[in-house]
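Since the structure comes first, as structure tokens, the remarks are kept for the end.
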Amino acid sequence: MPRTIALSPEQVPADSKPTLDAFTKNIGFTPTMMASFAQSPIAFNAWATLLGSLSKALDVKTRDSIGLAVSEVNGCNYCLSVHSFTAKHMAQLQPEEIVLARKGHASDPKRDAAVQFARKVIETRGQVTDADLKAVRDAGYTDANVMEIVALVAMYSLTNFFNNVFDPEKDFPAVTPAGSI
């Protein structure tokens, strides 16, 4: 049961409206999570800015795979639904790739290293080992790329925590529970 309301267009604070309108135009509808998050222009616009900046990091398959891995660890069913949908329709990941990403892996060796590293970052709260850092670097990621992976983990965790706290109504197809994948 949702723990907060999704704002109607007339209820959206003036400082959130341009950002929410841009998402709605871009996506074609207003996701419940965004209509809820827009209640705080400060938090919503900060997240949207981070999302916009990080949309230039790495490639879409790697970003979506990291989103799936982080959302799985954080137990965010809303985000798992969103990332499964976008991974399939925007990143063109096959269903088996989506399952692999949720488990913290990828079939592509370079992407696998990024996803494994992202999963270790979230599981260890950033207390990764030298070997973890070496593995992602050895796969071809620069320190700047590693910083982007850490930033993606943080951004996805923000939406995971928001959705876990407020439990907005799901507006993407439900996914299989983790125990059955």
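Tell me which residues, restricted to region 1-19, are out of contact with any helix residue (DSSP H, G or I) (no Cβ under 6 Å at 6 or more places or on another chain) and either assigned by TED's automatic domain parsing to the domain that holds ALA113 or not β-branched (Val, Ile, Thr) (or both).
Within region 1-19, the first condition is being out of contact with any helix residue (DSSP H, G or I) (no Cβ under 6 Å at 6 or more places or on another chain), and the residues that meet it are 1-2, 5, 8-11, 14, 17-18.
Once the filter is applied, which keeps residues that are out of contact with any helix residue (DSSP H, G or I) (no Cβ under 6 Å at 6 or more places or on another chain) and either assigned by TED's automatic domain parsing to the domain that holds ALA113 or not β-branched (Val, Ile, Thr) (or both), region 1-19 yields MET1, PRO2, SER8, PRO9, GLU10, GLN11, ALA14, LYS17, PRO18.
Considering SER53, SER71, which residue is closer than 24 Å to ALA135 by Cβ and either free of Cβ contacts under 8 Å to residues at least 40 places away in the same chain or not in a loop (DSSP other than H, G, I, E, B) (or both)? Outline the logic, then answer.
Numbers: SER53 fails: closer than 24 Å to ALA135 by Cβ.
Testing whether each residue is closer than 24 Å to ALA135 by Cβ and either free of Cβ contacts under 8 Å to residues at least 40 places away in the same chain or not in a loop (DSSP other than H, G, I, E, B) (or both) leaves just SER71.
Here's the yes/no breakdown for (1) touching a Ser or Thr at 6+ places or on another chain (Cβ under 9 Å); (2) without any contact (Cβ under 8 Å) to a residue 60 or more places away in the chain; (3) not in a helix (DSSP H, G or I):
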position	(1), (2), (3)
SER107	no, yes, yes
ARG111	yes, yes, no
GLN127	no, yes, yes
VAL153	no, no, no
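For the structure I just gave you, tell me whether ARG137 is more than 30 Å from ALA6 (Cα to Cα), modelled with pLDDT of 95 or more and assigned to a loop (DSSP other than H, G, I, E, B). I'd like the intermediate steps shown before the answer.
Details: more than 30 Å from ALA6 (Cα to Cα): yes; modelled with pLDDT of 95 or more: yes; assigned to a loop (DSSP other than H, G, I, E, B): no.
Here the answer is no, as ARG137 does not meet what is asked.
Please go through region 6-49 and give me each residue that is under 18 Å from the mean Cα position of the chain (by Cα), over 17 Å from HIS83 (Cα atoms) and among the aliphatic types (A, V, I, L, M), ordered by number.
Once the filter is applied, which keeps residues that are under 18 Å from the mean Cα position of the chain (by Cα), over 17 Å from HIS83 (Cα atoms) and among the aliphatic types (A, V, I, L, M), region 6-49 yields LEU20, ALA35, ALA38, ALA43, ALA46.
Going by the conditions given, is GLY67 on the phi > 0 side of the Ramachandran plot, out of contact with any Gly (no Cβ under 6 Å at 6 or more places or on another chain), buried (at least 18 other Cβ atoms within 10 Å of the Cβ) and in the same structural domain as TYR141 (by TED's automatic domain parsing)? Outline the logic, then answer.
Working: on the phi > 0 side of the Ramachandran plot: no; out of contact with any Gly (no Cβ under 6 Å at 6 or more places or on another chain): yes; buried (at least 18 other Cβ atoms within 10 Å of the Cβ): yes; in the same structural domain as TYR141 (by TED's automatic domain parsing): yes.
No: the conditions fail for GLY67.
Can you go through VAL115, VAL121 and tell me which one is surrounded by 13 or more Cβ atoms within 10 Å (Cβ to Cβ), aliphatic (A, V, I, L, M) and touching a Leu at 6+ places or on another chain (Cβ under 9 Å)?
On the way: VAL121 fails: touching a Leu at 6+ places or on another chain (Cβ under 9 Å).
Selected residue: VAL115, the only one of VAL115, VAL121 that is surrounded by 13 or more Cβ atoms within 10 Å (Cβ to Cβ), aliphatic (A, V, I, L, M) and touching a Leu at 6+ places or on another chain (Cβ under 9 Å).
Within the set of pairs 6 or more residues apart or between chains, which connect a residue that is touching a residue at least 60 places away in the same chain (Cβ under 8 Å) inside region 1-26 to a residue that is outside any loop (DSSP other than H, G, I, E, B) and loosely packed, with under 14 Cβ neighbours inside 10 Å with Cβ atoms less than 9 Å apart?
Final answer for the pair search is ARG3/VAL165; THR4/VAL165.
The values are calculated or read from the model by the stated rules, or taken from the named source; none is laboratory data. Remember, it's a predicted structure, so these values are computed and weren't measured experimentally. Reconstructed Cβ throughout: ideal geometry from the backbone, glycine too, with neighbour counts over all protein chains shown.
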